[in-house]
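The block underneath contains the structure these notes are about, expressed in structure tokens.
The values are calculated or read from the model by the stated rules, or taken from the named source; none is laboratory data. These numbers come from a predicted model, not from an experiment. Every residue, glycine among them, receives a Cβ derived from its backbone with ideal geometry; neighbour counts consider all protein chains shown. These area figures cover heavy atoms from the full protein model, side chains too; ligands, DNA and RNA do not enter into them. Shrake-Rupley method; radii C 1.70, N 1.55, O 1.52, S 1.80 Å.
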Amino acid sequence: ENPQYDPIRMRGIEFGSCVRQSGVFRNLVKRFYDLAKEVSFAGRVNQLLYEVLEEDVANPKGQRQLVNGLQRPEALEVLLHFDANKLRPLKKVLKTEVTFDWEQLKSSLTSIDVEHDLLWPEEDANLVHLQFAIANWNFKADLFETHYSNAIVLEREAGTVALDFQLEGLERSDLWLAYLFVGFSNKVRRQTKWLHKKCNTTCVVGVKGF
């Protein structure tokens, strides 16, 4: 075997391990991701987890592990603000910055001017759907627990509205992630039709390690 290809082989081994574990990450908030993503989503998750794996400083290249990288403080920064839809990232959909308070299980999004605080998609839409979720990722056992808040649906002409999202606490404390989903639909009489998933967004707005 030619040593000059060792870096490629080592990267392939590490990247392959991230691909195998990416399915759990994608399932953490599958309900959101099924409604908000674009074609590069799966590949970007693989790359995201590889960036986390690179934070493993305990092992040499070719032997680094995602489980070690996830326990580094730097990994939290990598995960924070990951958008499922790079075409409409949260910062280009919602003009207000969103943070998450783990002690109170509350976000900074307590009110919204529906028409002006959102960048509405070009496609016909007259409703916006807002919802939070929190998940515990037990990455050592490839297990997870997810709690979704109540969904708030608002008409485009609703003006400024107070928001109250309710969330139940998580049972385990491994790695916590908070997500915000912003989706759009069009209601005609009694029928509501979701816009294509490329018009919606899901973003990691909070991360807490233990």
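Which values of log₁₀ I(q)/I(0), to two decimal places, follow from the Debye formula for region 64-127 at q = 0.28 Å⁻¹ with a uniform point scatterer at every Cα?
One equal scatterer on each Cα of region 64-127 leads to -1.25.
Compute the Rg/Rh shape ratio of region 1-92: radius of gyration over Kirkwood radius, all on alpha-carbon atoms.
Values: Rg = 14.6 Å, Rh = 14.2 Å.
Rg divided by Rh gives 1.03.
What residue among His116, Gln104, Ala84 has its Cα farthest toward the positive end of the dipole of region 77-121, where the charges are +1 on Lys, Arg and -1 on Asp, Glu, each on the Cβ?
Selected residue: Ala84.
Against the longest principal axis of the chain, how steep is helix 41-53, in degrees 0 to 90 to the nearest 10, with axes from Cα atoms?
50
With the contact rule set at Cα under 8 Å and sequence spacing of 6 or more, what percent relative contact order holds for region 2-125? Write out the running numbers ahead of the final one.
On the way: 110 pairs, mean separation 25.3, N = 124.
For region 2-125, the relative contact order is 20 percent.
Is it possible to state the helix-based mean residue ellipticity at 222 nm for the chain, with each DSSP H run of 4+ residues giving -39500 (n - 2.57), the sum divided by total residues, to the nearest 500 deg cm²/dmol? What is it?
Numbers: 6 runs with 54 residues, N = 210.
Helices in the chain give a 222 nm mean residue ellipticity of -7500 deg cm²/dmol.
About its Cα centre, how strong a charge dipole does region 152-210 have in debye, to the nearest 20, once Lys and Arg get +1 and Asp and Glu get -1 at the Cβ?
500
Carbon and sulfur: what percent of the chain's accessible surface (1.4 Å probe)? Mind dumping the intermediate values first?
On the way: 5480 of 11250 Å².
The C+S portion of the solvent-accessible surface of the chain is 49 percent.
Direction-averaged shadow area of the convex hull around the Cα atoms of region 149-191, nm²? Intermediate results must be reported in sequence, preceding the final value.
Numbers: hull surface 18.8 nm².
Computing the convex hull of the Cα atoms and averaging its projections yields 4.7 nm².
In degrees from 0 to 90, rounded to the nearest 10, what is the angle of the helix 6-27 Cα long axis to the longest principal axis of the chain?
For helix 6-27, the angle is close to 30 degrees.
Post the alpha-carbon centroid distance, region 87-118 to region 127-178, in whole angstrom.
Their Cα centres are 12 Å away from one another.
Mind checking the per residue accessible area of the chain for me, 1.4 Å probe, whole number of Å²?
Values: 11250 Å² over 210 residues.
Using a 1.4 Å probe on heavy atoms only, each residue of the chain averages 54 Å².
At a threshold of 8 angstrom on Cα-Cα distance, excluding pairs fewer than six apart, so keeping six or more, what relative contact order does the chain reach in percent?
Working: 415 pairs, mean separation 51.0, N = 210.
With pairs under 8 Å counted, the relative contact order is 24 percent.
Roughly how big is region 57-174's charge dipole about its Cα centre, with Cβ charges of +1 (Lys, Arg) and -1 (Asp, Glu), in debye to the nearest 20? The partial results should precede the final answer.
Values: 12 positive and 20 negative charges, 159 e Å.
I would put it at about 760 debye.
Hey, got the dipole for the chain? About the Cα centre, +1 on K and R Cβ, -1 on D and E Cβ, debye to the nearest 20?
Values: 27 positive and 29 negative charges, 139 e Å.
Magnitude of the dipole: close to 660 debye.
What value in Å³ per residue do you get for the convex hull of the alpha-carbon atoms in the chain?
129
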